[in-house]
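First the structure, in the form of structure tokens, and then the observations on it.
The values are calculated or read from the model by the stated rules, or taken from the named source; none is laboratory data. Model, not experiment: these values are computed from the prediction. As a convention, Cβ positions derive from the backbone with ideal geometry for all residues, glycine included, and neighbour counts pool all protein chains shown.
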Amino acid sequence: MDRNWIRSTCRDLQLYYNPEVGNKLRMDTSTNALGANPAGMRALRECCDLDLGQYPSTYGDGLREELARVHRLSRDNFVVGNGSDESLDVIMKTLVEPGGTVITAHPAYVLHSFFVSINGGRTVTVDLDERFQLDVERINSTPGSLVLICTPNNPTSNTFRDEDVRAVIEGAARPVVVDEAYAEYAGRSFLPLVERYDNLIVTRTFSKAYGLAGMRVGYLAASRELADALQRVKVPYSLNKVGERVAIAALRDPAFLEESVRVVAEQRPFLEEGLRALGFQVFPSEANYILFRPTVPSDRLTKGLADRGVLVRDFGKVRRLENCVRTTIGTREMNTVLLERMQEVLRECR
Ligand SMILES: Cc1ncc(COP(=O)(O)O)c(C=O)c1O
């Protein structure tokens, strides 16, 4: 194969994180520690009546109607699809010219720059400050056709100040994407403002607080005009019938969502204290995960935990996150197992 066959922007891509999972306890992907959404699972069991011989709704209209009800907007404000990753992909396809520049924060979600690259764009990163907050002035003065930020930020786990996000939205006449994959945990959202700011796009997911990561359902919200432009680019039928029905059921029964958010709020101080008691540096979290810096090499800790059946995510080689690790906030049982296994690894490292 000639490497020049590959588009230059796609030549140096790495394969995405793909660990040996087996029976290990997953605390590496910031999914819902309470497991799968019960209303979604009930709806799934009733999916046998679906006519799989026919296509789903072209644009997932049933789910868009339900989102409109929940968020008090119009269904025309929403584009739904296969995970919020698809939303990010559609945004880049629609709004970034070949060779165009997208401004992202650093550190941020690994796939942000991926979606820029695979769509022929170029990422320019603006470092977060020492408290992992936005450098608004630099973002607003950096040339580029689109800004993409994520709050709560992954993997740093903090939220950005509301006034800073607003200043970025208002700072330049270009689209600003706010990735809110974890917004339910922070209890704050820019989604209600999509009709106020015609350059604002908010992406959301059913993979985290809704406990439906395996179903792959996500969406974006934007002004009707912008959502319409994005809808035209999205692959038709990308949300399948099962995913649509399960997501609608999850929206209609918010009890699990509320319990999920409550458990994270309750367990966060327990896990933070446990990590600090081991001597680790713990960064402030408003999400369902915590970023911390252990006292031993992050790759040794991550490997030692994996050998003991617990997966966490090593970010130790990322600039600004030197020797840092991210863990999901689990249930009390999961967090206790995690902390015990960490103690074992630390003893082994001595
Ligand atoms: C910040 C952020 N955005 C988007 C996603 C993708 O979510 P989805 O499962 O909806 O594709 C993730 C998943 O981890 C994430 O952390």
Can you spot a residue in the range 81-94 that is in a loop (DSSP other than H, G, I, E, B) and assigned by TED's automatic domain parsing to the domain that holds Val217? yes
Let me confirm something: among Val177, Val194, which residue is under 20 Å from the mean Cα position of the chain (by Cα) and within 16 Å of the ligand (Cβ to nearest atom)? Val177
Of the conditions (1) under 17 Å from the mean Cα position of the chain (by Cα); (2) part of a loop (DSSP other than H, G, I, E, B), Ser113 satisfies every one except a single condition; which number is it? (2)
Can you name the number of the only condition in (1) without any contact (Cβ under 8 Å) to a residue 12 or more places away in the chain; (2) within 28 Å of Arg319 (Cα to Cα) that Gly99 fails? (1)
Given (1) of a type in the set (Gly, Ala, Ser); (2) assigned to a loop (DSSP other than H, G, I, E, B); (3) under 21 Å from Leu146 (Cβ atoms); (4) over 17 Å from the mean Cα position of the chain (by Cα), where does Gly53 come up short, assuming only one miss? (3)
Looking at the range 315-328, which of the residues that are more than 24 Å from Pro269 (Cβ to Cβ) and not basic (Lys, Arg) is nearest to the chain's Cα centre (by Cα)? Val318
Any idea which of (1) in contact with a strand residue (DSSP E or B) (Cβ under 8 Å, 6 or more places away or on another chain); (2) surrounded by 15 or more Cβ atoms within 10 Å (Cβ to Cβ); (3) under 28 Å from Leu128 (Cβ atoms) is the one Glu244 doesn't satisfy? (3)
I'd like the residue in the range 272-288 that is assigned to a helix (DSSP H, G or I) and of a type in the set (Gly, Ala, Ser) and, out of all such residues, is surrounded by the fewest Cβ atoms within 10 Å (Cβ to Cβ). Ala277
Scan the range 65-80 residue by residue and report those that are assigned to a helix (DSSP H, G or I) and away from the ligand (no atom under 16 Å from the Cβ). Glu65, Glu66, Ala68, Arg69, Val70, His71, Arg75, Asp76, Asn77
Given the criteria surrounded by 21 or more Cβ atoms within 10 Å (Cβ to Cβ) and of a type in the set (Asp, Glu), does Asp179 qualify? yes
Under 22 Å from the mean Cα position of the chain (by Cα) and within 30 Å of Leu257 (Cβ to Cβ): is that true of Thr331 in this structure? yes
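Results for (1) acidic (Asp, Glu); (2) surrounded by 12 or more Cβ atoms within 10 Å (Cβ to Cβ); (3) in contact with a Cys (Cβ under 9 Å, 6 or more places away or on another chain); (4) touching a residue at least 12 places away in the same chain (Cβ under 8 Å), shown as yes or no for each residue.
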site	(1), (2), (3), (4)
Arg3	no, no, no, no
Asp12	yes, no, no, no
Pro38	no, yes, no, yes
Arg42	no, yes, no, yes
Gln54	no, no, no, no
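Yes/no per residue for (1) part of a helix (DSSP H, G or I); (2) touching a strand residue (DSSP E or B) at 6+ places or on another chain (Cβ under 7 Å):
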residue	(1), (2)
Ala167	yes, no
Val178	no, yes
Glu184	yes, no
Pro192	yes, no
Arg196	no, no
Thr203	no, yes
Leu226	yes, yes
